[in-house]
Amino acid sequence: MRYDLNIACTSYLTLHEQKLRIKSFLIEYFGTVRFSLVETGSSITAVEDETVLFEWVNAGRPDRTAKELFLFEWTEQVSWGGHFLLKCSFFNRLEDKSRQKQFEKIVLQIKEHLDHPTLTLHITEKDNLIDVRQFHRRGDGNIGYGLYPYAEDEKGHWRDNLGIGLWIYREDFHLLYEGIKQVYPLKGKGFENFDHTGMNSISKSEWQVILDHWSILAINNPSSAEFIDYVGRWVVATLEHVNEIAIEGNL
């Protein structure tokens, strides 16, 4: 059986922000179990069993599946000034409508996540490195980026003991990168483009451009405002005693 319901999304949320809140709902709904998710520019499909997802896609999106499946589709409403209408679809193997009330409860949970994000920061410190996580979960892997105070000694080597660094996983870094890429390509440093596999040295003046853009991102992505603010405050404090901060990726 297939259940559908439309939700008029809160006007101040960008499409990116709405997707992040739907993902937080899915994490809460499926619990700690790893679920499969396929995302396009205007939709998210999620199911606990990956084989069910492939069967569903290959069969041409039938009205019933072997297990529960969620489909979220966004449509921009021009007449509403660019606001989005979210169509929530819930599929299961039952032929009757015995799950209708449950689906209505699920939709209430979805609305709650859209109106009031539940994610908070997870911050741990070890060996002069602060691990900051927002959307990253332990099962997502270890790909990420380190932010470190940077200065060279008289021999041109990276000086030791410059202060504590930050570690940010890929799932959270991609929003910060929206600001970082504003200063790229760099000029006159030998590494014009951002290197996701190595080190990138960014000057104090360039960081000011990034911080200004992060301020805008925090307004447009309210669920991530605390995360952006935390990283931004670390950058400002670090630039009080060095003129550069390096970003090093391990992709």
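The values are calculated or read from the model by the stated rules, or taken from the named source; none is laboratory data. Fair warning: this is a prediction, and the values are worked out from it, not measured in the lab. Every residue, glycine as well, gets a Cβ built from its backbone with ideal geometry; the counts of neighbours run over all protein chains shown. We work out accessible area using only protein heavy atoms, side chains counted, and drop any ligands, DNA or RNA first. Shrake-Rupley method; radii C 1.70, N 1.55, O 1.52, S 1.80 Å.
Taking every protein chain into account, the 1.4 Å probe leaves residue 205 with about 80 Å² of accessible area, to the nearest ten. Heavy-atom accessible area for residue 170, with the other protein chains in place and a 1.4 Å probe, reaches approximately 100 Å². The smallest convex shape that holds all Cα atoms of segment 129-251, its convex hull, gives 104 Å³ per residue. Accessible area ranking (1.4 Å probe, heavy atoms, ligands and nucleic acids excluded), largest first, for 150, 177: 177, 150.
Please work out the FRET efficiency for the pair residue 230 and residue 127, using the Cβ-Cβ distance as r and a Förster radius of 22 Å; give the result to the nearest 0.05. Write out the running numbers ahead of the final one.
Details: r = 19 Å, r/R0 = 0.88.
Efficiency computed from Cβ-Cβ geometry: 0.70.
Efficiency by 1/(1 + (r/R0)^6): what FRET value for residue 54 and residue 76, r their Cβ-Cβ distance, R0 = 35 Å, to the nearest 0.05? Spell out each step's value before the answer.
Values: r = 29 Å, r/R0 = 0.83.
With a Förster radius of 35 Å, E is 0.75.
Net length available on complete extension from residue 140 to residue 102 is 10.7 nm, with 0.36 nm assigned per residue and the Cα-Cα distance removed.
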